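These notes are about the structure you will find just below.
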Amino acid sequence: MGVFRDDFLWGGACAANQFEGAWDVDGKGDSVIDHCMGGVFNQQKSITVEIDPDKLYPSHDAIDFYHHYKEDIALFAEMGFNCFRTSINWTRIYPTGLEDEPNEKGLQFYDDVFDECAKYGIQPLITLSHYELPYELVRRYNGWAGRECIALYEKFCYTCFERYKDKVKLWLTFNEINCATAEMGAMFGTSTVQGFEGNRANLYVGPQIRCQALHHQFVASAKVVKYAHEHYPDFKMGCMTVYLQTYPATCDPKDQLANQANMRNRVFYTTDVQVRGYYGCWCKRFWEENGVEIKWEPGDAEILREGTVDFLSFSYYMTNLIGTHDDLEEMEGNIVGGGKNPYLEASEWGWQIDPDGLRFALNEMYDRYQIPVMVVENGLGAMDKKEPDGSVHDQYRIDYLRKHVACMREAVKDGVDLMGYTWWGPIDLVSHGTGEMRKRYGFIYVDKYDDGTGDYSRSKKDSFEYYKKVIASNGEDLD
Ligand code: BGP
């Protein structure tokens, strides 16, 4: 018997807005990401309130999965995927979020994608909201700051559940929901607020509005989880968090406390609510000290308790240091901010690579919550060089993958109930953080560049064969 479960889910993860393109095709409306232009290392994306036809918005064409899905899913199948995580773009189904009836062409597209997956025995894992809020809801309600979004999200989810109930059994309510916590710098969930225009690094949203918006997302998530449990007992409902491990920078007890507070405010704030069904005991003090007063409606506390998830998933890319001493060096180019760790190397985008941290994260999460865990994003964004014959010799990606899978194996041996692993961006796609194409994650290279050029052709990188071998051996053969 191997280390990983026999039914271990192996595959890759994408997000509709980062790879589908076809942003206004077949009745699709504009989502928040469609208002974001590209950025670069150290310079975040800019947002425009109106879409300017003379500007380049990377999500608009992305890698055109919309028209290449058959070819791409065939390549995933060739690697041996039995799971494919993607999202349903809310604005394909309800273009502004406000319509009473869904857009049939949008629904049909995902039917086609899921049917194509089924041909190869690939199980979809669907994120219902991956930074794809209809922009109209930002205009009207300031996005999730408005309680109105709860009912609109429910309508969208229930439409998806009923339509795809025979094709999709695994669901995630919100991608990286903790990006909206008060401690997350400029990463206010979608990073878009009513009327905001300019570099999103300049976007500051205070704790009150973030915590209130998150409360609305928690209620929305719990409502649809409860609804799914009642109507579709074979569904498995999960939450998804960005697992940003920090370590104390020194053995000064003050650094330990700073780290504990950071982990609570950035990570456990959301997982506690979605898995346990109530806020952590420390939140009250946090709210008081930050001038936050959450507006609860009658029934909110009950729904949070009743709508807890069946499994917990997270993305894992890096770790950082946190401390109270002035000599802590900050990592450059790192979107989330954090101190430099002298024992780790970093990617070209300043993300400190830490495979052991993944074992640590899995143990922390499983120990704390005791429900099955899944790694639904992990990967290396790098600048690849395509050879004239289309090949890419990405040994660095193979090394990254090998080390992370090896550490997952250790976590399973530690006793963690690990359901599966989906590599982020198995095919090159648009970076969420910077909007770049050149930050490539894929095992499949896509001929598409930051200036919008490229013929969209796909070719295999060396890592393609490596991942295929890992999957074929159920994670046993990592050489
Ligand atoms: C996560 C997001 C993804 C993805 C990934 C890589 O935070 O869920 O959407 O993009 O990070 O980040 P980036 O694209 O910024 O390299």
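Here are some notes:
- Of all residues making up the stretch 177-198, the number that are modelled with pLDDT of 80 or more and open to solvent by less than 40 Å² (accessible area, probe 1.4 Å): 6
- Pro372 being touching a strand residue (DSSP E or B) at 6+ places or on another chain (Cβ under 6 Å), open to solvent by 20 Å² or more (accessible area, probe 1.4 Å) and more than 16 Å from the ligand (Cβ to nearest atom): yes
- Hey, Thr173 modelled with pLDDT of 95 or more, closer than 29 Å to Thr48 by Cα, within 16 Å of the ligand (Cβ to nearest atom) and touching a helix residue (DSSP H, G or I) at 6+ places or on another chain (Cβ under 9 Å) or not: yes
- Considering the conditions (1) under 17 Å from the mean Cα position of the chain (by Cα); (2) surrounded by fewer than 18 Cβ atoms within 10 Å (Cβ to Cβ); (3) not hydroxyl-bearing (Ser, Thr, Tyr), Asp54 is excluded by exactly one of them, (1).
- Some residue of the stretch 338-346 being under 30 Å from Lys226 (Cα atoms), open to solvent by 70 Å² or more (accessible area, probe 1.4 Å) and hydroxyl-bearing (Ser, Thr, Tyr): no
- Of all residues in the stretch 125-147 being open to solvent by 10 Å² or more (accessible area, probe 1.4 Å) and among the hydrophobic types (A, V, I, L, M, F, W, C), the one that is farthest from Ser31 (Cα to Cα): Ala145
- Selection of the stretch 46-76 for residues being without any contact (Cβ under 8 Å) to a residue 60 or more places away in the chain, within 24 Å of Leu98 (Cβ to Cβ) and part of a helix (DSSP H, G or I) yields His60, Tyr66.
- Test result for Gly420, under 25 Å from Asn175 (Cβ atoms), buried (at least 24 other Cβ atoms within 10 Å of the Cβ), away from the ligand (no atom under 16 Å from the Cβ) and modelled with pLDDT of 95 or more: yes
- From Tyr227, Tyr316, Tyr243, residue being away from the ligand (no atom under 16 Å from the Cβ), modelled with pLDDT of 95 or more and within 25 Å of the chain's Cα centre (by Cα): Tyr227
- The set of residues in the stretch 96-124 that are open to solvent by less than 40 Å² (accessible area, probe 1.4 Å), among the aromatic types (Phe, Trp, Tyr) and more than 20 Å from Tyr153 (Cα to Cα) contains only Phe114.
- Any chance Asp394 is open to solvent by less than 20 Å² (accessible area, probe 1.4 Å), within 16 Å of the ligand (Cβ to nearest atom) and more than 23 Å from the chain's Cα centre (by Cα): yes
Listed here are the residues, each with its yes/no results for (1) more than 15 Å from the ligand (Cβ to nearest atom); (2) closer than 27 Å to Met237 by Cβ; (3) open to solvent by 40 Å² or more (accessible area, probe 1.4 Å).
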{"site": "Trp10", "(1), (2), (3)": "yes, yes, no"}
{"site": "Asn17", "(1), (2), (3)": "no, yes, no"}
{"site": "Trp23", "(1), (2), (3)": "yes, no, yes"}
{"site": "Gly29", "(1), (2), (3)": "yes, yes, no"}
{"site": "Ile47", "(1), (2), (3)": "yes, no, no"}
{"site": "Pro58", "(1), (2), (3)": "no, no, no"}
{"site": "Asp61", "(1), (2), (3)": "yes, no, yes"}
{"site": "Thr86", "(1), (2), (3)": "no, yes, no"}
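- For Thr308: the one exception among (1) within 16 Å of the ligand (Cβ to nearest atom); (2) surrounded by 20 or more Cβ atoms within 10 Å (Cβ to Cβ); (3) assigned to a loop (DSSP other than H, G, I, E, B): (1)
- Selection within the stretch 199-224 - charged (D, E, K, R) and at pLDDT 95 or above: Lys223
- Breaking point among (1) modelled with pLDDT under 95; (2) within 13 Å of the ligand (Cβ to nearest atom), for Met1: (2)
- Residues (out of contact with any helix residue (DSSP H, G or I) (no Cβ under 8 Å at 6 or more places or on another chain) and of a type in the set (A, V, I, L, M, F, W, C)) located in the stretch 341-370: Leu344, Ala346, Trp349, Trp351, Phe360, Ala361
- Test: Ala301 is within 16 Å of the ligand (Cβ to nearest atom), at pLDDT 95 or above and open to solvent by less than 60 Å² (accessible area, probe 1.4 Å): no
Rundown of residues vs (1) within 22 Å of Arg210 (Cα to Cα); (2) within 16 Å of the ligand (Cβ to nearest atom); (3) open to solvent by less than 10 Å² (accessible area, probe 1.4 Å); (4) not hydroxyl-bearing (Ser, Thr, Tyr), yes/no style:
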| site | (1), (2), (3), (4) |
| --- | --- |
| Tyr232 | no, no, no, no |
| Met237 | no, no, yes, yes |
| Pro248 | no, no, no, yes |
| Pro253 | no, no, no, yes |
| Arg266 | yes, yes, no, yes |
| Asp272 | yes, no, yes, yes |
| Trp282 | yes, no, no, yes |
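- Count of the stretch 31-45 residues, restricted to those that are open to solvent by 20 Å² or more (accessible area, probe 1.4 Å) and part of a strand (DSSP E or B), is 2.
- Taking the stretch 77-162 and the helices (runs of 4 or more DSSP H) fully enclosed by it, the elements with 2 or more residues that are touching a Leu at 6+ places or on another chain (Cβ under 7 Å) and touching a residue at least 60 places away in the same chain (Cβ under 8 Å) are at 90-93.
- Filtering the stretch 443-479 to residues that are free of Cβ contacts under 8 Å to residues at least 24 places away in the same chain and open to solvent by less than 10 Å² (accessible area, probe 1.4 Å) leaves nothing.
- Among the residues making up the stretch 251-298, those that are of a type in the set (Asp, Glu) and farther than 26 Å from Lys236 by Cβ are Asp252, Asp255, Glu288, Glu289, Glu293, Glu297.
The values are calculated or read from the model by the stated rules, or taken from the named source; none is laboratory data. Keep in mind it's a predicted model, so treat the numbers as computed, not measured. Cβ atoms come from the backbone with ideal geometry, glycine included; neighbour counts cover every protein chain shown. With ligands, DNA and RNA removed, areas are computed over all heavy atoms of the protein, side chains included. Shrake-Rupley method; radii C 1.70, N 1.55, O 1.52, S 1.80 Å.
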